[in-house]
Amino acid sequence: MAGSEDQKFSLQEVLDTFKLCLSENKEVYLEQYVAGWRGLVKFLNSLGSVFGFISKDAVSKIQILVNYMNGENASHYATVQSMVKYELDNNLVDVNKKGSHPESGCRTLLRLHRALRWLELFLDRLRTSTEDSKTSALCAEAYNESLAQHHPWMIRKAAGMAFLVLPGRQTFFEVMNVGPPEQVVAKLGEALPLISEVYQITEDLYAQHNMLDLP
Ligand code: 1PX
């Protein structure tokens, strides 16, 4: 793809990056994980400036991870598994309360990981929605079941207001750029198991290390 196409969101592209996320032995490649998020942010940006505060936060978290991936300890930031091991072994994670490592890779990725659960729930609702379904309601339900539990009142309020101006289902499907609604639904059906698997592997890893509540 070239020129303006580069800026255009495509669900297929995001699907491809999540496909490439897992190594043979089920480790999660950070580079692909971050690429998946970049694609999603592209989508969010195409929905308008009301979502700017959300995409800004996602971009800043992506950037923190990219800095580690390109930094002097880059080799430890190849997979989520290697990052967790490296940061824990070297006491680079604030485990109970904020301290000298407020922006560890582990806590930063955890924020995106929680958002991935929202995505999974939202996409599943979209997939099974009907023509008259309201995207704002689907989005709010998915949010309340996942991310909202980690957000303070102010953020929940702002997010709730942003959801209200989400475009309708038809426009939403068009922006996904994969063809007519039946194809979008099929594509979502293809994407969801991949996203779920990446989510579950990360969730198990974080649970195993007691890291699901990192400050
Ligand atoms: C094919 C359809 C794709 C739709 C793609 C939409 C991509 C959405 C990307 C959302 C990324 C959100 C990351 C949020 C991370 C987070 O929880 N950050 C909070 C905590 O961070 P901290 O460093 O303070 O511990 C932070 O406080 C968040 C601030 C911004 C508000 C986050 C609201 C999230 C709402 C998620 C739903 C997005 C709705 C998009 C509609 C399509």
Q: For segment 165-179, state whether one or more residues are modelled with pLDDT under 95 and among the aromatic types (F, W, Y).
A: yes
Q: State which residue pairs qualify: first residue under 17 Å from L40 (Cα atoms) and inside segment 166-187, second residue within 13 Å of the ligand (Cβ to nearest atom) and part of a loop (DSSP other than H, G, I, E, B) in any location, beta carbons under 6 Å apart, and separation of 6 or more residues or different chains.
A: N177/S10; V184/V178; K187/V178
(Q) Among (1) in a helix (DSSP H, G or I); (2) touching a residue at least 60 places away in the same chain (Cβ under 8 Å); (3) not aliphatic (A, V, I, L, M), there is one condition G39 misses while meeting the rest; what is its number? (A) (2)
(Q) If I filter segment 139-149 down to residues being open to solvent by 20 Å² or more (accessible area, probe 1.4 Å) and not charged (D, E, K, R), which single residue comes out as farthest from D204 (Cα to Cα)? (A) A140
Q: Kindly indicate whether E197 is more than 12 Å from the ligand (Cβ to nearest atom) and either at pLDDT below 95 or among the acidic types (D, E) (or both).
A: yes
Q | Residue among K134, K98 that is modelled with pLDDT under 95 and either touching a helix residue (DSSP H, G or I) at 6+ places or on another chain (Cβ under 7 Å) or open to solvent by 80 Å² or more (accessible area, probe 1.4 Å) (or both) | A | K98
Q: Give me the pairs, please: first residue somewhere in segment 196-215 and in contact (Cβ under 8 Å) with a residue 12 or more places away in the chain, second residue anywhere and assigned to a helix (DSSP H, G or I) and hydroxyl-bearing (S, T, Y), beta-carbon distance under 6 Å, and either six or more positions apart or on two chains.
A: L212/Y206
Q. Does I201 fit the bill of being β-branched (V, I, T), part of a helix (DSSP H, G or I) and open to solvent by 50 Å² or more (accessible area, probe 1.4 Å)?
A. no
Q) For segment 104-140, what are the residues that are more than 7 Å from the ligand (Cβ to nearest atom), under 30 Å from N73 (Cα atoms) and among the aliphatic types (A, V, I, L, M)? A) L109, L110, L116
Q: Look through L112, L116 and report the one residue that is within 30 Å of T135 (Cα to Cα), buried (at least 18 other Cβ atoms within 10 Å of the Cβ) and in contact with a Lys or Arg (Cβ under 9 Å, 6 or more places away or on another chain).
A: L112
Q | Residue that is farthest from the ligand (Cβ to nearest atom) [pool: residues in segment 42-60 that are at pLDDT 95 or above and under 24 Å from Q12 (Cβ atoms)] | A | V59
(Q) Within segment 150-170, take every residue that is within 12 Å of the ligand (Cβ to nearest atom) and closer than 16 Å to R125 by Cα and give me the one that is surrounded by the fewest Cβ atoms within 10 Å (Cβ to Cβ). (A) P167
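Check V34, V14, V80 and return the single one that is open to solvent by less than 20 Å² (accessible area, probe 1.4 Å), within 21 Å of L192 (Cβ to Cβ), at pLDDT below 95 and β-branched (V, I, T).
V14
The values are calculated or read from the model by the stated rules, or taken from the named source; none is laboratory data. Note that the structure is a prediction, hence the values are computed from the model and not measured. Here Cβ is always computed from backbone atoms with ideal geometry, including for glycine, and neighbour counts include all displayed protein chains. Remember, those area values only see protein heavy atoms, side chains included, never the ligands or the DNA or RNA. Shrake-Rupley method; radii C 1.70, N 1.55, O 1.52, S 1.80 Å.
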